[in-house]
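To keep things clear, I will list the structure first and then write my remarks on it.
The values are calculated or read from the model by the stated rules, or taken from the named source; none is laboratory data. Remember, predicted model here, so these are calculated numbers, not experimental data. Every residue, glycine among them, receives a Cβ derived from its backbone with ideal geometry; neighbour counts consider all protein chains shown.
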Amino acid sequence: MQRQKMLYEGKAKRVYEIARDDAYLVEFKDDATAFNGEKRGQIANKGALNNQMSAHFFRLLEQQGIRTHYLETLSDREMLVKRVRIIPIEVVVRNIVAGTLAKRLGLAEGVDLGRTVVEFYYKDDALGDPLINRSHALALKLATREQLDELEARALAINESLTAHLHACQLLLVDFKLEFGVTADGELLLADEISPDTCRLWDETTREKLDKDRFRRDLGGVEQAYEEVWRRLQQA
Ligand code: TMP
Ligand code: ASP
C-alpha cells in the first residue's frame, strides 16, 4: 500500500496517510526508548514482532466483542488501522505491583494487588506523561465523563480477556498501557499497540521478566524475551 504523508513519528511507530480517508498505515520500528526518551536503543526485530503480537491481541479482542482500530496486517512491519483521533490519556491497568506504582507508593514489586488498579496519565511528552485523576482529565477537557467511564470499563474488560489468554501461555499479565481513539463517526476504539513494549509479562513459574523492563533495567536478553512471548502466543 502506497504511503503518503507521514503524520506522526513516535518513539516506536510512524503513522502515514494513505489513499483512503478512513484508515492509516502504521509502521512499527525497532527503536526503543525508556524514561521519557532519556534512554535510547534498538531491539533487533522488535518492529516485526510487535506488529505481529499487536495484531494477535487485537484479533483476539475483536473476537470477544471489544472494538479496536485494527484492520489488516500489510507486511512484516506495517499494519492498516482505522483512522481515529487519539484521546490524550494513557490508561494503565495493574494487577501486580511493579514499576512506578512500586516507587510512588513504596510497595514491593511482585505483590498481588488483590484488585485491579486503573490509572490515567496525561499523554504529553513535554510533561513526562504525568499521572492524573478524573477531575484533571475533565478540567483539561481530555475526555468527557462518559468517555472516562467507558475507558475504565473497556480497560477492565481487556484486562480480563488478556489475563486469561496470557495465562494459557504461562504468562502473568502484571500491568499494561492502553490508548483509545475516536473515529469520525464518534466510535470509541482501542488503538495504539499491545506488545511487550506496553505490557509487563512475567513467566508464571519463574517470574522471569519477558518484556521491555529487560531493556529499561539493562537485564540483557531483550530480543530473546520478545521472541519467547511470540512463540508462546502462537502455541496458545
Ligand atoms: P510504569 O510502571 O512505568 O508506570 O508502567 C506501567 C505500564 O505501562 C507498563 O506495563 C509499561 C507501560 N508503559 C508504556 O507502555 N508506555 C510508557 O510510556 C510507560 C511509562 C509505561
Ligand atoms: N516509551 C517510554 C519512553 O521513552 C517509556 C517506557 O516505555 O518506559 O518514555
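Observations on the model:
- Any hit, the range 105-124, residues being within 16 Å of ligand 2 (Cβ to nearest atom), surrounded by 15 or more Cβ atoms within 10 Å (Cβ to Cβ) and touching a residue at least 60 places away in the same chain (Cβ under 8 Å): no
- Candidate set: the range 188-234, residues that are acidic (Asp, Glu) and assigned to a helix (DSSP H, G or I); chosen: the one nearest to ASP175 (Cα to Cα): ASP213
- Applying the criterion of being within 13 Å of ligand 1 (Cβ to nearest atom), outside any loop (DSSP other than H, G, I, E, B) and hydrophobic (A, V, I, L, M, F, W, C) to the residues of the range 97-130, the residue that is farthest from LYS11 (Cα to Cα) is LEU113.
- Taking the listed residues LEU151, LEU127, LEU131, the one that is more than 16 Å from ligand 2 (Cβ to nearest atom) and either on the phi > 0 side of the Ramachandran plot or of a type in the set (A, V, I, L, M) (or both) is LEU151, with no other qualifying.
- Residue satisfying condition, being modelled with pLDDT of 95 or more and either within 16 Å of ligand 1 (Cβ to nearest atom) or buried (at least 20 other Cβ atoms within 10 Å of the Cβ) (or both), within set ALA184, ALA157, ALA143, ALA168: ALA143
- Listed by position, the strands (runs of 3 or more DSSP E) enclosed by the range 1-72 that each have at least 2 residues that are within 16 Å of ligand 1 (Cβ to nearest atom), surrounded by fewer than 16 Cβ atoms within 10 Å (Cβ to Cβ) and touching a residue at least 24 places away in the same chain (Cβ under 8 Å) are 39-42.
- Search result, residues across the range 194-224 that are away from ligand 2 (no atom under 11 Å from the Cβ) and of a type in the set (D, E, K, R): ASP203, GLU204, ARG207, GLU208, LYS209, ARG214, ASP218, GLU223
- Matching residues, the range 131-156, being of a type outside the set (A, V, I, L, M, F, W, C) and either in a helix (DSSP H, G or I) or within 17 Å of the chain's Cα centre (by Cα) (or both): ARG134, SER135, HIS136, ARG145, GLU146, GLN147, ASP149, GLU150, GLU152, ARG154
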